[in-house]
Amino acid sequence: MAEKFTFTYEEKRKMAAQTAEILSEEIGLKGDATEAVLLIPEIEAGNITLEEVEQTKGASVARILHGLERIRQLYEKNPSVESENFRNLLLSFAEDMRVILIMIANRVNLMRQIRDTDNEEARLEVSQEAAYLYAPLAHKLGLYNLKRELEDLSLKYMEHDAYYHIREKLSATKAARDAYIERFIKPVEEKVQAAGIKCHIKGRTKSIHSIWQKMKKQKCPFEGVYDLFAIRIIIDCPIEQEKMQCWQAYSIVTDMYQPNPKRLRDWLSVPKSNGYESLHITVLGPEQKWVEVQIRTERMDEIAERGVAAHWRYKGVKGETGLDEWLTGIRNMLEHSEGMEAMDQFKMDLYEDEVFVFTPKGDLYKFPAGATVLDFAYHIHSKIGNQCTGGRINGRVVPIRYELKSGDQVEILTSANQKPRQEWLNIVKTSRAKSKIRLALKETQVKEGLFAKEMLARKFKNRKIEMEEGIMFHVIKKMGFKEVSDFYKQIAEGVLDTNAVIDKFLELRESEKTVTGDNVARSASEFELDESKIAGLNQAINDDVLVIDRNLKGLDYQLAKCCSPIYGDPVFGFVTISGGIKIHRMDCPNAPELRRRFGYRIVKAKWSGKGSSQYSITLRIIGNDDIGIVNNLTSVISKDEKLVLRSINIDSHDGLFSGTLVVMINDNTRLEALIKKLRTVRGVKQVERI
């Protein structure tokens, strides 16, 4: 897994021996695993084949080497390793768990060896992978020392100054800190045991990486991190006395030292959803220093350290139930040598309900088992799904019904002539694809309805008859249609003869004494948008300029669809995997997660130019369904010659209406003015930008 660096054959053999030593001494994995590691340089050099390994060393060693080769091929797809999906795909690709353990040991060894390398770019990339991928994997497996080392070395290589600053501060304060922990623990232990509570107490200094995370989160210097270490009181008692003895210990500690009530965390009375139970309190210890004290029983500590999903989720590393149970079993095997022989027969039986697939660019997506090429197409974009004719899986053309398999690289094939069909609903597996297909079918129905309306209007004109809307509603009802859409659908399909419709219209017109005109005010419940009036407005001019990062112009960028920024909105840029830049609003709902996980890919951006472009903005409106409400809303927009109404969709129910307006607009100043005007319309209760 060290392809980013160039090593000689002898260097590879030396590193293989070092990795085998880490496996043996620090993970406790021996036998076939270490033998497989030592054979990796021989396989890469072509000195031996997998078939020869299986014949001479056995199927178990060959299986491990085959798993490592599959992982190497997976890396060649250039996936985004910081993705949780990639972490899970990696686990599902490893037929034998020892493959993952070897990868972790190899990365620890590599991180130790690249200290003096001149290839700064490769060292940075390897360190980022260690932080995003290997450290969380080590954490899930309970390899806490290796996890801590990976995080600290990653920090050392990625943020050199911060690492050495904290290390020097810790070194300078170690003796004083150890003495302080001893002074704190001794009187507490005496009083707790004097109260008849059997326990042991230990102190633990936080890792450099953990301290740096706190410094960034709290925006404070090293001296401002008051919880450089934590004291843990672990009580040995029967389960029925747990709460009583924990609270008794809490009472003793808070009697001795002043507690900070704002820092009390009671997961004893109400455990966390993942099963974590403990009492946390921060107290003012000797020399007026704040100290975090954790109080729990042996059982609670066991759950926190080895229980299903508890410990790593408590630390913020997410996992899935089946995966966590399985990993917990593996960790217990590692901790009990008598269980190690079970590793030889252990194979993965995970993710039978999930598959992980790649785009040609290396982006990774998760789907339920049974998902098809059509599911993938709709996941990428509605338009791609609607025009999907099939796919190319790992270079091989397949139909839209092809069921995806983990590791597949999927390319979608499309045709402008393709249209969604009703039977597609039986092909797709995901609810997302189903809803998009239903929407597309509905839009097709609307288009067919508009075509039928135009055809019927031409027939009326040819017979020199003026079509009146009010009478047409009566015609539709008299002909037995409950839905107007069904009426026009039958005309479009040729099921209903237009001449029969006109004859029925003439019959009703003669019997009607009152003719209903087009100028009657309508409520939202009767509203139906004539989309032909807004045809051709879909193209927006886009000549505004974005200045990105250090006054760079002309970079390839796209406006993010999740928040639809327009000229004047405070924005930032996000560098995508493909190299392009997505522009997001500062208040985009996805912004906090992007900054937290991918802060290194955020770039500054600001608008330049004069705001002459037009942008499509969607507004959600809710209010009372008063007569004429639609006319009042559209009137506000039509009075401003620089605004264009692109579409309107309103539903009415029990005297209330809700709907969306899509308008073309120049900048956020004009948008705010429009929202204010719409809020003044009588009956309107709420207007908000989507």
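The values are calculated or read from the model by the stated rules, or taken from the named source; none is laboratory data. Values in this document were obtained by computation on a predicted structure and should not be read as measured data. Here Cβ is always computed from backbone atoms with ideal geometry, including for glycine, and neighbour counts include all displayed protein chains. Areas reflect the complete protein model, heavy atoms only, side chains present, ligands, DNA and RNA absent. Shrake-Rupley method; radii C 1.70, N 1.55, O 1.52, S 1.80 Å.
Structure values in brief
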{"item": "Residues of the stretch 150-163 satisfying the condition of being closer than 28 Å to I100 by Cα and surrounded by fewer than 18 Cβ atoms within 10 Å (Cβ to Cβ)", "result": "M158, E159"}
{"item": "Selection from the stretch 584-610 of residues that are over 24 Å from the mean Cα position of the chain (by Cα) and crowded, with 18+ Cβ neighbours inside 10 Å", "result": "W607"}
{"item": "Qualifying positions in the stretch 128-149 - surrounded by fewer than 21 Cβ atoms within 10 Å (Cβ to Cβ) and either at pLDDT below 80 or among the small types (G, A, S) (or both)", "result": "A131, G142, Y144, N145"}
{"item": "Single residue of F460, F481 found to be surrounded by 13 or more Cβ atoms within 10 Å (Cβ to Cβ), on the phi < 0 side of the Ramachandran plot and without any contact (Cβ under 8 Å) to a residue 12 or more places away in the chain", "result": "F481"}
{"item": "Residue among I166, I211 that is β-branched (V, I, T), in contact (Cβ under 8 Å) with a residue 12 or more places away in the chain, crowded, with 19+ Cβ neighbours inside 10 Å and under 30 Å from W247 (Cα atoms)", "result": "I211"}
{"item": "L619, sole failed condition from (1) at pLDDT 85 or above; (2) among the hydrophobic types (A, V, I, L, M, F, W, C); (3) open to solvent by 60 Å² or more (accessible area, probe 1.4 Å); (4) closer than 30 Å to I650 by Cβ", "result": "(3)"}
{"item": "Counted residues, the stretch 670-690 - those being open to solvent by 80 Å² or more (accessible area, probe 1.4 Å) and at pLDDT 85 or above", "result": "6"}
{"item": "Residues of the stretch 24-44 that turn out to be of a type in the set (A, V, I, L, M) and at pLDDT below 85, as a count", "result": "3"}
{"item": "Enumeration of residues in the stretch 631-669 that are open to solvent by 70 Å² or more (accessible area, probe 1.4 Å), outside any strand (DSSP E or B) and free of Cβ contacts under 8 Å to residues at least 60 places away in the same chain", "result": "N632, S638, K639, E641, K642, D654"}
{"item": "Considering residues of the stretch 596-616 that are farther than 21 Å from R689 by Cα and in a loop (DSSP other than H, G, I, E, B) only, the residue modelled with the highest pLDDT", "result": "G609"}
{"item": "Residue in the stretch 177-199 that is in a helix (DSSP H, G or I) and farther than 23 Å from E287 by Cβ present", "result": "yes"}
{"item": "Of all residues in the stretch 214-232 being of a type in the set (A, V, I, L, M) and at pLDDT below 85, the one that is most open to solvent (accessible area, probe 1.4 Å)", "result": "L228"}
{"item": "Spans of strands (runs of 3 or more DSSP E) in the stretch 359-426 with at least 3 residues surrounded by 15 or more Cβ atoms within 10 Å (Cβ to Cβ)", "result": "364-368, 388-393, 410-414"}
{"item": "Sole residue being among the hydrophobic types (A, V, I, L, M, F, W, C) and free of Cβ contacts under 8 Å to residues at least 40 places away in the same chain, chosen from I231, I201, I235", "result": "I201"}
{"item": "Residue count, the stretch 233-258 (criterion: open to solvent by less than 40 Å² (accessible area, probe 1.4 Å) and not in a helix (DSSP H, G or I))", "result": "5"}
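Quick grid of which residues meet (1) crowded, with 17+ Cβ neighbours inside 10 Å; (2) under 30 Å from T372 (Cα atoms):
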| position | (1), (2) |
| --- | --- |
| K436 | yes, yes |
| A440 | yes, yes |
| V446 | no, yes |
| E468 | yes, no |
| M472 | yes, no |
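Matching residues to (1) hydrophobic (A, V, I, L, M, F, W, C); (2) assigned to a helix (DSSP H, G or I); (3) touching a helix residue (DSSP H, G or I) at 6+ places or on another chain (Cβ under 6 Å):
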site	(1), (2), (3)
I437	yes, yes, yes
A440	yes, yes, yes
K447	no, yes, no
K464	no, no, no
G470	no, yes, no
F473	yes, yes, no
G480	no, no, no
Q490	no, yes, no
